[in-house]
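These notes concern the structure reproduced below.
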Amino acid sequence: MKENILGTERIGKLFLRYSVPTIAAMLFLGLNTIVDGLFVSHYIGASALASVNIAMPFSSFLFALSVVIGIGTQSIIGRKLGAGSTVEANTAFTTALLLAGGVSLLFTAGAIAFPAEIAHFLGANEHLLPQVTTYIRYLGLFLPFLALMMVLDYALKTVAMPVYAMLALVVAVGSHILFNWLLVAKLAWGIQGAAIATGIGFMIAFFMAALPFFSQKAVLKPHAGSFDSQAARHILYNGSSEGLSELGTGITTFLFNITLMRYVGEMGVAAFTVISYLAFIGNNVLIGLSDGVGAIISYNYGSRQLERVKKALQLVAAAAMLIGLGIFAAIFAFSQEVVALFLHEGNTEVLSFAVYGAKLYAFAFLVNGLNIVAAGYFTAIGSPKRALLIALSKGIVWVATGITVLPVLLGIQGIWLTVPIAESVTVALSGLLLYRHFKSQFCLNR
């Protein structure tokens, strides 16, 4: 079968074959998000930019659940295919699609029925409430495409199609840019147009990602399995750590928005919106690196080729450190130019505030790649408890603690340092968990 290259190809070659297109795919997914910011900021204004960011946690929560299902499924499918169990792999695949579809329909129903209530809960004030409500209502119509697209993206990597998965997202981003230009810039549909353009991008990516699974030669087929409640529990359990990382992104955005609204006002939220775009791009590159190697690790762990697993982990950890250092340097060197892309001329106060915050936030990239890799490794080998500890530490516990305590002690500077400190504390936990894991593996293999 085609996916057997995961167990036979040289690890270095597989690493490049999987990591490069997966990084590119996640980079394009990040660009898909910030395209809204560019068009909204230039054609609607800073208030609309803040509105998009306030609405973001709603779709981020669904994105997080989709990643839970996608990563959990990838881990199971990879190990089952590695062990030669095609029937069980198809059961997991079908179950994952039904799970993602059902959850996303609940989010769509909420967006249609209670958009104002959701906007108010996410922190929108009276001035921003109408725009946040509109964005949630219209984006909600397309959320099932987002959820199913993410599950299919992870499945494509388990059947040795990472390049095709990347191409689906490239086409999606291209269409997103085109429809933003048409609906926002030309037709002046405002924030409603931005939401619809984003949704169309999700929809196109879904249809492209689905096509290979309807081929006669496909190893995985949506109709080849059936829903299995036990498989659903395994999927959610295996993917819980990665999903919690994504959920942490939504929680971080929510906590930052609330805190900045209290300390600074709308200017602070607009500045953080730009910083969150930079952070999203950086994190997506590192997540893409980890996800790409995840398929290699899970397959080889399933076929008990442990030396190949170890080599893949070493490669991805070294690459994560180098990429993180590069992102840190790039933000320090070009933050002013990049931030200025999102702001009208004359917004000098927001610009300087955002540049200052971005440089402090950038310190997180010196270590967060190692946390992402460690969590991804434990998920790939079917050890989600350890991955969950890492995700919980960096994404929720220390962020919630820091955003509460640090602004009181350090003022606005404490807000920007919250994430770097959370990542630095967590990297010690990641190192400890990996040390104990490999020590036990060594003892077992003696």
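Laboratory data are not the source of any read-out in this text; all were calculated from the coordinates shown. Being a predicted model, the structure only gives us computed values, none of them experimental. Counting neighbours? That spans all protein chains shown, and the Cβs are built from the backbone with ideal geometry, glycine included.
Sites count as exposed loop sites when they are GluC sites (Glu not before Pro), lie in a DSSP loop, and have at most 16 other Cβ atoms within 10 angstrom; the longest stretch of the chain without one is 127-344. Between the listed residues Ala194, Ser19, Val132, the Cα displaced farthest toward the positive end of the dipole of the stretch 2-445, a dipole computed from Cβ unit charges relative to the Cα centre, is found at Ser19.
Within the listed set Asn368, Asn125, Asn53, the residue fluctuating most in the Gaussian network model of the chain (springs between alpha-carbon atoms under 10 angstrom) is Asn125.
The sum of -39500 (n - 2.57) across all DSSP H runs of n ≥ 4, divided by the residue count of the chain, sets its helix-only mean residue ellipticity at 222 nm to -28500 deg cm²/dmol. Loop-located trypsin sites (Lys or Arg not before Pro) in the stretch 281-359 (DSSP state not H, G, I, E or B) with no more than 16 neighbouring Cβ atoms inside 10 Å: Arg304. Our summary gives the stretch 288-371 a relative contact order of 34 percent, counting only alpha carbon pairs under 8 angstrom and 6 or more residues apart. Working from Cα pairs under 8 Å separated by at least six residues, relative contact order for the stretch 154-253 is 23 percent.
Taken along the Cα-to-beta-carbon direction at a fixed 7 Å, the label points for Leu322 and Val408 span 4.4 nm. Fully extending the segment from Ala218 to Gln230 would add 1.9 nm, taking 0.36 nm per residue of separation and subtracting the current Cα-Cα distance. Sorting the Cα pairs of the stretch 85-138 by distance into bins of 5 Å, from 0 upward, gives 4, 20, 19, 13, 11, 9, 8, 7, 6, 3, 1, 0 percent per bin.
Where [x] 71, 57, 35; [y] 63, 45, 34; [z] 72, 55, 47 are the candidate values, the label of the one calculated here for Cα extents along the principal axes in Å is [y]. Inverting the pair-averaged 1/r between distinct Cα atoms of the stretch 303-380 gives 14.6 Å as its Kirkwood hydrodynamic radius. Springs between Cα atoms under 10 Å define the GNM used for the chain, and in it the highest mean-square fluctuation of Ser19, Ser298, Ser276 occurs at Ser276. With no solvent and one point per C-alpha, what does the Debye sum give as log10 I(q)/I(0) for the stretch 315-446 at q = 0.10 Å⁻¹? Here the Debye-derived log intensity ratios amount to -0.41. Pairs of lysines in the chain whose Cα atoms sit within less than 18 Å of one another amount to 16, provided the residues are eight or more positions apart or on different chains. Think of the chain as having a plus end and a minus end, set by charges on the Cβ of Lys, Arg, Asp and Glu; of Thr86, Leu98, Ser335, Thr86 sits farthest toward the positive end of this dipole. Applying 0.36 nm per residue to the separation of Leu432 and Ala400 and subtracting their alpha-carbon distance, the gain on full extension is 9.3 nm. Sorted from longest to shortest, the spans of the Cα atoms of the stretch 1-143 along the three principal axes equal 59, 31, 19 Å. Loop-located trypsin sites (Lys or Arg not before Pro) across the stretch 1-100 with a Cβ neighbour count of 13 or fewer within 10 Å are Arg10, with loop assigned by DSSP. Express the relative contact order of the chain as a whole percentage, based on alpha carbon pairs under 8 Å and six or more residues apart in sequence. Computed over the chain, the figure is 24 percent.
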